[in-house]
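Worksheet: one structure, shown below.
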Amino acid sequence: MNVLTRVKAPAACAAIAAGALLTGLVAPSAATATTSSHTEQHHGLPQSRHAIPFTAATVTANADGSYTVRWNAPGVRKVSVRADGKTVARGGAHGEVVVRDLPAADRQWFDLVPDRGTSLRLADRLIKLDGAVNFRDAGGYRTRDGQWVKMGEIYRSDSLEKLTAGDLAKLRRLGIRTVFDLRMASERKAAPDKVPAGATHVVADVLAGTPTFTTMPKSEAEAVKMMVEGEKFMVSGDTAKAAYTSVFAGVADDDQHAVLYHCTAGKDRTGWSSAALLTALGVPRETVMADYLASNDYRRAANDAILSHLPAEQAKVYKPLLDVRPAYLNSGYEEVEDEYGSFRTYLKDGLGIDGRELRELKRELLVG
């Protein structure tokens, strides 16, 4: 391979925990795989209708400012890695390179250009901000049939009330046009959103119709049950269906891109929004689960800091509220099966997305 460039006291915590899904407090960056961006498309690279040959590809931003790019493209002989319009590395069907000394950018994009087939655009998933810790791209995944979910189109995040002027300027440059706020009225009042200039703010209150998150659980088992029941409500609750219908309408409308949806922690209400979207687009369930569980990594340091301020017994009760766990997301899928029989029926009867609209959604968000 020729590399060309190398919380506070328990009482306060109880108040937070009263909204179990609402905690959102930066965790390590996760790698991403992606395609062309809505706001930064193509950069002069020739586009074709040939299949994207990459079966896996990631970019990881390293602490020293370098980037690690990895890929797997069976059947391809040569792959060029391009950044800022220049070839920065070359390799074969399987590769891993470290790219250094690139100029500072809001978000560093890489184009993997194979000797045959369509190129693939990559960036690290995390958008580094001073006022949010779980702001990341919702795309960048391969579907079961070999297409890829575009990056730079749909973002997911935790609370936005602490965004700085610099953060807001960055989000404006990233092209954020529509912000869906999935939080309850009490959260919105306590911590009003800050949104980039020119962006439309849309309230899509997922939990307005449930009493589940109004009291503090008294045991670890009760906390887990609270999270499971909350996930089920996100599927079958009337206000949840209305909220996610609104979000999907925005996601399907290219004029509203780039779209951001968020709650307080960016992990539960936001997590189901991404899980539903990725599942609808044909991303494998294990990939969807990995994306969902990534919040544990992004938020680990902040969660540990919260738990360290609590007595051991109270921390044990509170930890399930901070976590995302397979059982939580799986309970959402189980609710889909119980209430609708299939995910396609959930999309149609629960969110109003019929076969034609689903095809349009895929045309808008998939490449390859």
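The values are calculated or read from the model by the stated rules, or taken from the named source; none is laboratory data. What you see is a predicted model; the values in this text were computed from it and never measured. Note that we place each Cβ from the backbone using ideal geometry, even for glycine, and neighbour counts take in every protein chain shown. Side chains are part of the model used for accessible areas, which takes the heavy atoms of the whole protein and leaves out ligands, DNA and RNA. Shrake-Rupley method; radii C 1.70, N 1.55, O 1.52, S 1.80 Å.
So the values come out like this:
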read-out	value
Flag if L129 is touching a Phe, Trp or Tyr at 6+ places or on another chain (Cβ under 7 Å) and among the hydrophobic types (A, V, I, L, M, F, W, C)	yes
Close pairs from the stretch 343-368: first over 16 Å from T245 (Cα atoms), partner among the polar types (S, T, N, Q) and open to solvent by 30 Å² or more (accessible area, probe 1.4 Å), Cβ under 6 Å, at least 6 apart	L366/Q147; G368/Q147
Subset tally (residues that are at pLDDT 95 or above and farther than 22 Å from A327 by Cα) for the stretch 197-228	9
All positions within the stretch 310-325 that are open to solvent by 40 Å² or more (accessible area, probe 1.4 Å) and not polar (S, T, N, Q)	P311, A312, E313, K316, K319, R325
Candidates T215, T210, T245 - the one that is hydroxyl-bearing (S, T, Y), touching a helix residue (DSSP H, G or I) at 6+ places or on another chain (Cβ under 8 Å) and part of a loop (DSSP other than H, G, I, E, B)	T210
Flag if V206 is open to solvent by less than 40 Å² (accessible area, probe 1.4 Å), more than 25 Å from D124 (Cβ to Cβ) and of a type outside the set (F, W, Y)	yes
Qualifying residue in the stretch 153-169 (condition: assigned to a helix (DSSP H, G or I), open to solvent by less than 10 Å² (accessible area, probe 1.4 Å), closer than 28 Å to G282 by Cα and not hydrophobic (A, V, I, L, M, F, W, C))	no
Within the stretch 83-105, tally of residues that are aliphatic (A, V, I, L, M), closer than 30 Å to D167 by Cβ and not in a strand (DSSP E or B)	3
Filtered residue count, the stretch 137-151, keeping only those that are touching a strand residue (DSSP E or B) at 6+ places or on another chain (Cβ under 7 Å) and open to solvent by less than 40 Å² (accessible area, probe 1.4 Å)	10
Selection from the stretch 210-242 of residues that are small (G, A, S), over 19 Å from Y346 (Cα atoms) and open to solvent by less than 60 Å² (accessible area, probe 1.4 Å)	S219, A223
Lone unmet requirement of (1) in contact with a helix residue (DSSP H, G or I) (Cβ under 7 Å, 6 or more places away or on another chain); (2) more than 23 Å from E187 (Cα to Cα); (3) buried (at least 20 other Cβ atoms within 10 Å of the Cβ) for Q256	(3)
Single residue of Y346, Y328 found to be over 30 Å from D124 (Cβ atoms), open to solvent by less than 10 Å² (accessible area, probe 1.4 Å) and part of a helix (DSSP H, G or I)	Y346
From T264, T200, T245, residue being over 24 Å from D291 (Cα atoms), β-branched (V, I, T) and open to solvent by 10 Å² or more (accessible area, probe 1.4 Å)	T200
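Residue-by-condition table, conditions (1) modelled with pLDDT of 50 or more; (2) assigned to a loop (DSSP other than H, G, I, E, B):
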{"position": "C13", "(1), (2)": "no, no"}
{"position": "S29", "(1), (2)": "no, yes"}
{"position": "T34", "(1), (2)": "no, yes"}
{"position": "H43", "(1), (2)": "no, yes"}
{"position": "H50", "(1), (2)": "yes, yes"}
{"position": "V81", "(1), (2)": "yes, no"}
{"position": "R107", "(1), (2)": "yes, yes"}
